[in-house]
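The values are calculated or read from the model by the stated rules, or taken from the named source; none is laboratory data. A quick note: this is a predicted structure, and the numbers were derived from the prediction, not measured. Here the Cβ positions follow ideal geometry from the backbone for every residue, glycine too, while neighbour counts run over all protein chains shown. Heads up: the accessible areas ignore ligands, DNA and RNA and are worked out on the full protein's heavy atoms, side chains in. Shrake-Rupley method; radii C 1.70, N 1.55, O 1.52, S 1.80 Å.
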Amino acid sequence: MGKVGLTKIDTKGRIVIPKDIRERMGIKPGEEFLITEIDGDTIIIKRFDVKKMLEKMIKNAKRLDLDELPKETEKEGNRVAKELYGL
């Protein structure tokens with residue numbers, strides 16, 4: 001498990017990630033993070049790179065066979081319906 005740090009939230013709702021953690025992880029000003037609420041007392045903060053996400057989506061889209069898309073969509077829809085609703 002990683003290092004634990006203690007921080008406070010300021011009056012504008014900002015949380016400072018402790019300097020030693022920022023340095024160890026190479027976190028730079030301006031980076032974006034995704035915050036997910038787990039329960040009433042727990043959140044997860046994950047580094048989120050929009051540019052990398054879009055590049056991955058474009059790369060995956062280039063491999064997409066548009067002729068097979070309707071068939072694959074129906075197959076996935078049927079799988080989800082069966083899993084969720086027993087259909």
**Fill in**
Going through region 1-19 in order, the residues found to be aliphatic (A, V, I, L, M) and not in a strand (DSSP E or B) are Met1, Val4, Leu6, Val16, Ile17
**Request:** Determine whether region 37-45 contains at least one residue that is free of Cβ contacts under 8 Å to residues at least 24 places away in the same chain and assigned to a helix (DSSP H, G or I).
**Result:** no
**Asked** Just checking, how many residues over region 20-32 are farther than 18 Å from Gly2 by Cα and either open to solvent by 100 Å² or more (accessible area, probe 1.4 Å) or part of a strand (DSSP E or B) (or both)?
**Response** 3
**Request:** Sort through Ile9, Ile17 and tell me the only one that's surrounded by 10 or more Cβ atoms within 10 Å (Cβ to Cβ), modelled with pLDDT of 90 or more and hydrophobic (A, V, I, L, M, F, W, C).
**Result:** Ile17
**Request:** Only residues in region 1-26 that are over 17 Å from Ile43 (Cβ atoms) count as the first member; pair them with residues that are at pLDDT below 90 and loosely packed, with under 10 Cβ neighbours inside 10 Å, Cβ under 8 angstrom, at least 6 apart or cross-chain, and list the lot.
**Result:** Asp20/Lys3; Arg24/Lys3
**Asked** Filtering region 33-77 down to residues that are under 30 Å from Thr7 (Cα atoms) and open to solvent by 100 Å² or more (accessible area, probe 1.4 Å), which residue is farthest from the chain's Cα centre (by Cα)?
**Response** Asp41
**Item:** Residue pairs meeting the criteria (Cβ under 9 Å; at least 6 apart or on separate chains; first touching a residue at least 60 places away in the same chain (Cβ under 8 Å), in region 59-87; second β-branched (Val, Ile, Thr))
**Value:** none
